[in-house]
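Student: Here it is, the structure, as structure tokens.
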Amino acid sequence: MVPLKLSTMISEQQIKERVKTLGKQITEEFKGEDIVAICTLKGSYMFYSDLIREIDLNVVCEFFGVSSYHGKTESSGEVKVTLDVTHPLEGKNVLLVEDIVDSGLTMAYLKTCLLARKPKKLKTVSLLVKPAAMKSDVSLDYHGFTIDNEFVVGYGLDYQELYRNLPYIAKADNLN
Ligand code: IMP
């Protein structure tokens with residue numbers, strides 16, 4: 001694999017500050033209630049672990065595995081479930097945590113899937129949103145940053161399973 005030429009798009013500090021704000025807003029949204037926070041694997045694990053530490057509520061952690069890119073840089077449109085949550089969601093306050101919403105196909109799929117389980121309330125948060133998502137039907141309750149239509153890696157996001165461990169978001173200059 002040709003190594004990516006990376007340039008920082010969103011710094012560690014910028015992410016930290018934004019995640020803190022999102023945590024406060026989500027705490028306010030569900031004030032006094034317990035929530036089930038669902039981490040969408042693999043991409044959102046880093047955002048998720050920082051975000052839940054900024055949420056001042058009782059949080060039950062669940063993990064939902066989906067794969068849509070299959071190693072490419074554009075969504076295949078086909079969402080494959082690789083891991084399901086372990087407890088029923090009926091009557092629960094659910095927070096779905098995504099890394100990035102691009103075409104919106106994955107988010108739309110996940111929302112349909114989770115709503116079918118009859119949660120009391122379902123709210124969604126994604127660290128990043130690309131403009132294409134704005135044109136799709138999918139609605140998002142909270143997001144960290146809107147970015148240009150560029151392929152990004154780091155802070156959980158990968159290119160061919162690499163670069164997830166970068167503590168910041170970088171754009172790949174030799175891919176876009
Ligand atoms: P969507 O279904 O097109 O919205 O794509 C959503 C999923 O594709 C995300 O959860 C990511 O895993 C992946 N994805 C979308 N854009 C990027 C990117 O720029 N870098 C890395 N992964 C991405």
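Student: If you go through the stretch 123-147, how many residues are near the ligand (Cβ under 10 Å from one of its atoms), part of a loop (DSSP other than H, G, I, E, B) and under 25 Å from Gly23 (Cα atoms)?
Tutor: So the count comes out to 3.
Student: Looking at (1) in contact with a Leu (Cβ under 6 Å, 6 or more places away or on another chain); (2) in a loop (DSSP other than H, G, I, E, B), can you tell me which one Val94 breaks?
Tutor: Unmet for Val94, out of (1) in contact with a Leu (Cβ under 6 Å, 6 or more places away or on another chain); (2) in a loop (DSSP other than H, G, I, E, B): (2).
Student: Here are some conditions: (1) touching a Gly at 6+ places or on another chain (Cβ under 9 Å); (2) buried (at least 18 other Cβ atoms within 10 Å of the Cβ). Cys39 meets all but one. Which one does it not meet?
Tutor: (1)
Student: So is Glu90 loosely packed, with under 12 Cβ neighbours inside 10 Å, out of contact with any Gly (no Cβ under 9 Å at 6 or more places or on another chain) and farther than 27 Å from Gln13 by Cβ or not?
Tutor: yes
Student: Which one of these does Glu74 not meet: (1) at pLDDT below 95; (2) surrounded by 12 or more Cβ atoms within 10 Å (Cβ to Cβ); (3) over 16 Å from the mean Cα position of the chain (by Cα)?
Tutor: Against the list (1) at pLDDT below 95; (2) surrounded by 12 or more Cβ atoms within 10 Å (Cβ to Cβ); (3) over 16 Å from the mean Cα position of the chain (by Cα), Glu74 comes up short only on (2).
Student: Is it true that Gly104 is buried (at least 19 other Cβ atoms within 10 Å of the Cβ), of a type outside the set (Asp, Glu), within 16 Å of the ligand (Cβ to nearest atom) and at pLDDT below 95?
Tutor: yes
Student: Consider Asp56 against the criteria (1) more than 16 Å from the ligand (Cβ to nearest atom); (2) outside any strand (DSSP E or B); (3) under 28 Å from Gln160 (Cβ atoms); (4) touching a Ser or Thr at 6+ places or on another chain (Cβ under 9 Å): it satisfies all of them except one. Which criterion is unmet?
Tutor: (3)
Student: When you look at Gly43, is it in contact (Cβ under 8 Å) with a residue 60 or more places away in the chain, closer than 20 Å to His143 by Cβ and within 16 Å of the ligand (Cβ to nearest atom), yes or no?
Tutor: yes
Student: Go through (1) surrounded by fewer than 18 Cβ atoms within 10 Å (Cβ to Cβ); (2) in contact (Cβ under 8 Å) with a residue 60 or more places away in the chain for Leu22 and report which single condition fails.
Tutor: Of (1) surrounded by fewer than 18 Cβ atoms within 10 Å (Cβ to Cβ); (2) in contact (Cβ under 8 Å) with a residue 60 or more places away in the chain, only one is false for Leu22: (1).
Student: Then there's this: Do you know which of the residues in the stretch 152-169 that are surrounded by fewer than 20 Cβ atoms within 10 Å (Cβ to Cβ) and on the phi < 0 side of the Ramachandran plot is farthest from the ligand (Cβ to nearest atom)?
Tutor: Pro167
The values are calculated or read from the model by the stated rules, or taken from the named source; none is laboratory data. Just so you know, these numbers come straight off a predicted model, no measurement behind them. Note that each Cβ is placed from the backbone with ideal geometry, even for glycine, and that neighbours are counted across all protein chains shown.
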